[in-house]
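Chemist: Handing you a structure now.
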Amino acid sequence: MGVVQPEGNYTDKYNYKNPIAKYLVSNFLKSLEELLKKVQFSSLYEPGCGEGYISKRLSTLYPTVNILSSDLSAKVIKEAGESSSAKNLTFAVESIYNSNHPDISFDIVVACEVLEHLEEPEKALLRLIQASKKYLLLSVPREPIWRLCNIARGSYLKEFGNTPGHIQHWSKRGFCRFVERYCNIIEVKTPFPWTMILSEKREK
């Protein structure tokens with residue numbers, strides 16, 4: 001099978017108009033920012049950035065941090081770059097598996113809503129570890145809660161609630177075990193309905 005990578009978000013979750021959905025996304029972003037406050041960094045890499053919402057938000061919160069955001073889709077990256085004027089933020093077209101920068105290039109790697117789309121998430125995680133000097137912040141949908149929420153709102157019923165493009169499905173415990181194979185977990189947050197992990201790469 002070929003490698004599947006997402007090209008942007010299937011739905012624009014950062015601009016939901018539904019008040020419940022907006023609350024959930026707001027809580028997700030709050031958890032992300034709380035975890036980032038626990039570590040120090042001057043450079044950040046966000047692979048699979050999609051439309052770049054998180055990177056653009058972080059470029060404002062951390063104006064002195066150099067941020068590189070990448071995605072496989074040239075179209076999505078072009079749109080993300082055109083909508084940003086941040087001087088500390090650069091967008092690039094690249095695969096998460098074959099990025100075009102040296103190893104240990106960034107203090108922290110932030111990959112939110114990326115790994116669940118990949119046929120080879122372990123390969124991707126190892127590449128992200130190589131790119132990081134020290135920290136990784138990762139998030140995925142928390143299963144089976146994610147699919148149950150979709151079913152409750154009448155979405156993707158033929159797919160049993162699975163969002164199109166999601167081919168990996170982790171419970172909180174399962175995702176922690178996956179990350180713990182290669183990293184030391186610093187803290188886990190569970191903004192409903194996600195699992196979010198701040199971790200530190202192990203010394204060789």
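Chemist: Taking Ala74 as meeting all but one of (1) touching a strand residue (DSSP E or B) at 6+ places or on another chain (Cβ under 7 Å); (2) touching a residue at least 24 places away in the same chain (Cβ under 8 Å); (3) aliphatic (A, V, I, L, M), write down the number of the exception.
Modeler: Status for Ala74: all satisfied but (2).
Chemist: Also, quick follow-up: Within the range 78-90, identify whether any single residue is within 17 Å of Gln168 (Cβ to Cβ), basic (Lys, Arg) and exposed (fewer than 15 other Cβ atoms within 10 Å of the Cβ), and answer yes or no.
Modeler: Scanning the range 78-90, I find no residue that is within 17 Å of Gln168 (Cβ to Cβ), basic (Lys, Arg) and exposed (fewer than 15 other Cβ atoms within 10 Å of the Cβ), so the answer is no.
Chemist: How many residues are touching a residue at least 40 places away in the same chain (Cβ under 8 Å) and surrounded by 17 or more Cβ atoms within 10 Å (Cβ to Cβ) if we restrict to the range 125-144?
Modeler: Of the residues in that region, 13 qualify.
Chemist: Next up: Which numbered condition trips up Ser171, out of (1) among the hydroxyl-bearing types (Ser, Thr, Tyr); (2) in contact (Cβ under 8 Å) with a residue 12 or more places away in the chain; (3) more than 22 Å from Glu51 (Cα to Cα); (4) surrounded by 15 or more Cβ atoms within 10 Å (Cβ to Cβ)?
Modeler: (4)
Chemist: Restricting to the range 18-51, name every residue that is part of a loop (DSSP other than H, G, I, E, B) and modelled with pLDDT of 95 or more.
Modeler: Initial filter on the range 18-51 (part of a loop (DSSP other than H, G, I, E, B)): 18, 37-42, 48-51.
Once the filter is applied, which keeps residues that are part of a loop (DSSP other than H, G, I, E, B) and modelled with pLDDT of 95 or more, the range 18-51 yields Lys37, Lys38, Val39, Gln40, Phe41, Ser42, Gly48, Cys49.
Chemist: Here's something else I'd like to know. Are any residues in the range 83-114 β-branched (Val, Ile, Thr) and either part of a strand (DSSP E or B) or modelled with pLDDT under 95 (or both), and if so, which ones?
Modeler: Selection gives Thr90, Val93, Ile96, Ile104, Ile108, Val109, Val110.
Chemist: A further question follows. Quick one: which of Val76, Val65 is over 24 Å from Gly165 (Cβ atoms) and aliphatic (A, V, I, L, M)?
Modeler: Unique residue meeting the criteria: Val65.
Chemist: Got a sec? Which strands (runs of 3 or more DSSP E) wholly within the range 115-204 have at least 1 residues that are farther than 18 Å from Val39 by Cα and under 15 Å from the mean Cα position of the chain (by Cα)?
Modeler: 132-141, 194-201
The values are calculated or read from the model by the stated rules, or taken from the named source; none is laboratory data. None of the values given here were measured: they were computed from a predicted structure. So basically every Cβ, Gly included, is an ideal-geometry build from the backbone, and we count neighbours across all protein chains shown.
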